[in-house]
Each structure stands twice: as C-alpha cells, then as structure tokens.
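Scroll down for the structure; my scribbles are underneath it.
The values are calculated or read from the model by the stated rules, or taken from the named source; none is laboratory data. Keep in mind that what you see is a predicted model, and the values were worked out from it rather than measured. A quick note on method: Cβ atoms are made from the backbone with ideal geometry, for glycine too, and the neighbour counts reach across all protein chains shown.
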C-alpha cells in the first residue's frame with residue numbers, strides 16, 4: 001500500500017524494518033520529547049502489533065526521509081465481562097517543518113482505510129475535536145464510551161468504520177499498559 005499523488009512530494013506506506021529511527025525522530029520533534037517515541041517502541045513489542053497499521057509518510061527527494069507517522073494499535077472497550085475490540089489511533093506526528101501540508105490527514109485516512117480493510121470496526125483517539133471531527137470522528141461520550149481518564153473527556157473521540165459497530169457498544173476504553181505514561 002503506497003499512496004502517491006503527483007502533486008505531493010511524499011508517499012504513505014506501512015512501516016518497514018529500518019524505519020524505527022526515522023519514526024523516533026519524527027515523534028521526538030513533533031512532540032518535543034521522547035514519550036511518543038517510547039510508546040511506539042514499546043507497542044511494537046506488544047501482542048497484536050501490526051506493522052501494516054504503523055504508517056509513515058516518506059519524502060523521496062534526496063532519499064527516503066520519513067516526515068510523518070501514525071500508529072493504530074489494539075485496545076478494548078469494556079462493559080461488564082464482554083470487552084469489545086477497538087483500535088487506538090496515536091500517536092500521530094509530522095515533522096514541524098512539514099505540518100499543515102496534508103501529511104497528517106493523509107496518514108489518518110490511509111490508516112482508517114487499512115483498519116476497515118481488516119474488518120476492524122471502531123477507532124478511538126484523544127486529540128483536537130476540530131481536526132479529528134473533520135475526519136469523521138465524533139465525541140466518544142455521544143457513543144456511550146468513557147475515556148480511561150476523566151481529563152480526556154472533551155477531546156476523546158470515536159469513529160465507526162463498519163456500519164452499526166457502535167450501536168450496541170458502550171463502556172470504558174482500556175489501553176494496554178504501555179499507554180500508562182502518556
């Protein structure tokens with residue numbers, strides 16, 4: 001899956017072996033620290049990690065320079081004894097000098113399409129409601145999904161990738177332990 005547009009100097013593709021340092025650099029610069037990069041390194045070792053759902057934006061002028069990254073990783077929505085599988089979107093990072101060029105949006109759209117192609121039905125994200133709302137996300141509270149931390153309520157959102165997936169779903173979002181320090 002390589003998405004290329006003749007007007008864009010970059011393409012979107014799944015993470016490949018050897019991309020780790022480039023992804024680290026993007027996340028460290030985009031988030032001014034190491035938390036996001038450390039999270040991705042930890043999630044790569046988790047059960048259920050799918051490198052095809054770890055997407056990079058690569059500029060091809062002068063080599064393969066990674067300028068953006070997004071990760072979709074397994075999580076659950078828990079209500080009683082029946083966890084409902086879902087995916088966490090994040091982190092999403094773009095090099096500061098490449099932001100506002102559509103890279104992040106294209107990464108998210110490609111990742112959502114890849115999740116949909118795998119039959120994954122629900123994706124949750126903590127982020128700017130205006131930005132993610134423009135991509136089809138809605139407040140998670142409206143879908144009866146509580147964030148794992150009360151402070152996330154205003155910016156916690158969900159998207160239904162398969163029609164009807166949210167109809168019977170409700171509960172508290174639960175992330176793997178790797179997310180605890182984020």
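Residue 82 - would you say it is under 20 Å from residue 119 (Cα atoms) and modelled with pLDDT of 95 or more? In short, no.
Being within 17 Å of residue 14 (Cβ to Cβ), modelled with pLDDT under 95 and in a helix (DSSP H, G or I) narrows it down to one residue among 40, 26; which is it? Of the residues listed, the single one that is within 17 Å of residue 14 (Cβ to Cβ), modelled with pLDDT under 95 and in a helix (DSSP H, G or I) is 40. What residue, among those in the range 97-108 that are in contact with a strand residue (DSSP E or B) (Cβ under 9 Å, 6 or more places away or on another chain) and assigned to a helix (DSSP H, G or I), is modelled with the lowest pLDDT? Applying the filter and picking the extreme gives 98. Comparison of 94, 58 shows that the only residue that is under 26 Å from residue 17 (Cβ atoms), touching a helix residue (DSSP H, G or I) at 6+ places or on another chain (Cβ under 6 Å) and buried (at least 19 other Cβ atoms within 10 Å of the Cβ) is 94.
Free of Cβ contacts under 8 Å to residues at least 60 places away in the same chain, assigned to a helix (DSSP H, G or I), in contact with a strand residue (DSSP E or B) (Cβ under 8 Å, 6 or more places away or on another chain) and within 27 Å of residue 31 (Cβ to Cβ): is that true of residue 114 in this structure? The answer is no for residue 114. Residue 90 fulfils the conditions (1) within 26 Å of residue 30 (Cβ to Cβ); (2) at pLDDT below 95; (3) outside any strand (DSSP E or B) except for a single criterion, (3).
Filtered by the rule that a residue be in contact (Cβ under 8 Å) with a residue 40 or more places away in the chain and in a strand (DSSP E or B), the range 117-133 gives 122, 123, 124. Please determine whether any residue of the range 141-153 is closer than 24 Å to residue 46 by Cα and under 13 Å from the mean Cα position of the chain (by Cα). The answer is no; no qualifying residue exists. Note on the range 134-182: residues that are crowded, with 16+ Cβ neighbours inside 10 Å, free of Cβ contacts under 8 Å to residues at least 60 places away in the same chain and part of a loop (DSSP other than H, G, I, E, B) amount to 7. Within the range 21-43, the residues that satisfy the criterion of being buried (at least 16 other Cβ atoms within 10 Å of the Cβ) and free of Cβ contacts under 8 Å to residues at least 24 places away in the same chain are 24, 28, 37. Here is the figure for the range 1-15: residues that are under 18 Å from the mean Cα position of the chain (by Cα) and either at pLDDT below 65 or more than 13 Å from residue 102 (Cα to Cα) (or both) total 6.
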